[in-house]
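Derivation of every value follows stated rules applied to the coordinates shown; laboratory data play no part. Predicted, not measured: the structure shown is a model, and the values here were computed from it. Note that we place each Cβ from the backbone using ideal geometry, even for glycine, and neighbour counts take in every protein chain shown.
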Amino acid sequence: MSAYQTILTEQDGAVLTITLNRPDVLNASDATMPGELVSAFTAAADDPSVRCVVLTGAGRGFCSGADLGGVRQRYDEPDGPHLGALVRERYIPLVLAIRTLEKPVIAALNGVAAGAGSSIALACDLRIASERASFVQAFVRIGLIPDTGATMLLPLLIGLARASELAFSGERVDAQRALELGLVERVVAADELAGAAAAWAAELAALPTMAIGLTKRAFNRAHLANFAAQLELEADLMEQAGRTHDHREGVTAFLEKRAPVFTGQ
Ligand code: LHQ
């Protein structure tokens, strides 16, 4: 076990399992979690005994995205919430750590993956979902744009029109529809998820790790050649969206547990 505050790590043979561990808020990402994840993925890259990584969540959620309590605190800062800086500090290093790890990474989706939580799942190489899992492109519900690579990864995985439908609406997609859309590769019963993910990871870990890593590098070059530039664009657009009335209304409404009233401003 690890000394991290927001994640747990455990290695079984050649498989490292990283568990997001803020279950009371469906593993929302606070100021600490992204850095701890980057540390864990970087350590996995440097450790030859790790040949596959599984990323999952504790409790009933996978990850509900950015912790909105923390986002609201940023409104007290002079000149606005500076969401572009937040994206650059926390989310760009995280998504790059996952995509540049030259070992297979499986997301084992135990529950809802919302906002940046969905993007983190999409950045993994493969996804296996519990039948209780779901995806929510929650950004629009709080007046924001998809980030953590989602503007590239979501259309890449499911096509531009379907990505537009989900990103514009913020609708919740259940595990079965996620399978049909190509957001996940496998769906299993909830009580079988951990075992099925571990078995899949063990299979991958027993394959030629170097060849898989080089394949991932080639896939990145072929399909995500402009990824770093796109992440910078997302940060710029997030900065802009973070200054809108609709963004503040969306976050405030969520925290006050009421429906938002958007004005387009
Ligand atoms: C939460 C959260 C949460 C805090 C559930 N925060 N408490 C954003 C900002 C800036 C820059 C960088 O990038 C980003 C990227 C993003 O990730 S934007 C998207 C942020 N995430 C969201 O907007 C999702 C907010 N959550 C939800 O819409 C729902 O919770 C979902 C659909 C995920 C799950 O719904 P339910 O299954 O009905 O669960 P719940 O809403 O009852 O949540 C359970 C608890 O978790 C609840 O607390 P409570 O004290 O009432 O038990 C929620 O307040 C808390 N929670 N997500 N992101």
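Quick notes on this one:
- Share of pairwise Cα-Cα distances greater than 26 Å in region 48-186 is 22 percent (whole percent).
- Diffusion constant of region 146-186 at 10 °C, which comes from Stokes-Einstein with the Kirkwood Cα-pair radius and 1.306 mPa s, µm²/s: 153
- Of the residues Pro146, Pro155, Pro34, the one that moves most in a GNM of the chain with alpha-carbon contacts below 10 Å is Pro155.
- When only Cα pairs below 8 angstrom with a gap of at least 6 residues are kept, region 106-215 shows a relative contact order of 31 percent.
- As a rough footprinting exposure proxy, the listed residues Arg72, Arg127, Arg141 were ranked by other beta carbons within 10 Å of their own, and the order from fewest upward is Arg72, Arg141, Arg127.
- Selected from Gly170, Gly143, Gly195 as most flexible by GNM, with the chain as the system and alpha-carbon contacts under 10 Å: Gly195
- Annotation: the antiparallel percentage among DSSP beta bridges lying fully within region 1-134 is about 25.
- Largest GNM mean-square fluctuation across Ala190, Ala40, Ala66, computed for the chain with C-alpha springs under 10 Å, falls on Ala190.
- Its DSSP H runs of at least 4 residues, each contributing -39,500 (n - 2.57), put the calculated 222 nm mean residue ellipticity of the chain at -13500 deg cm²/dmol, to the nearest 500.
- Each peptide in 118-126, 213-221 receives the mean, over its residues, of other Cβ atoms within 10 Å, and ordering these scores from highest gives 118-126, 213-221.
- Mean projection area, nm², convex hull over Cα of region 55-130: 5.4
- The chain: Rg to Rh, with Rh as the Kirkwood radius over Cα pairs: 0.95
- Summing charges over all other residues whose Cβ lies under 14 Å from the Cβ of Arg22, with Lys and Arg as +1 and Asp and Glu as -1, gives -3.
- The ellipsoid equivalent to the alpha-carbon distribution of region 92-155 has semi-axes of 19, 16, 8 angstrom, derived from the gyration tensor eigenvalues as √(5λ) and listed largest first.
- Annotation note: GluC sites (Glu not before Pro) in region 178-265 located in DSSP loop regions with a Cβ neighbour count of at most 11 within 10 Å are Glu256.
- Each Cα pair under 8 Å and six or more residues apart adds its sequence gap; the mean of these over the residue count of the chain is a relative contact order of 20 percent.
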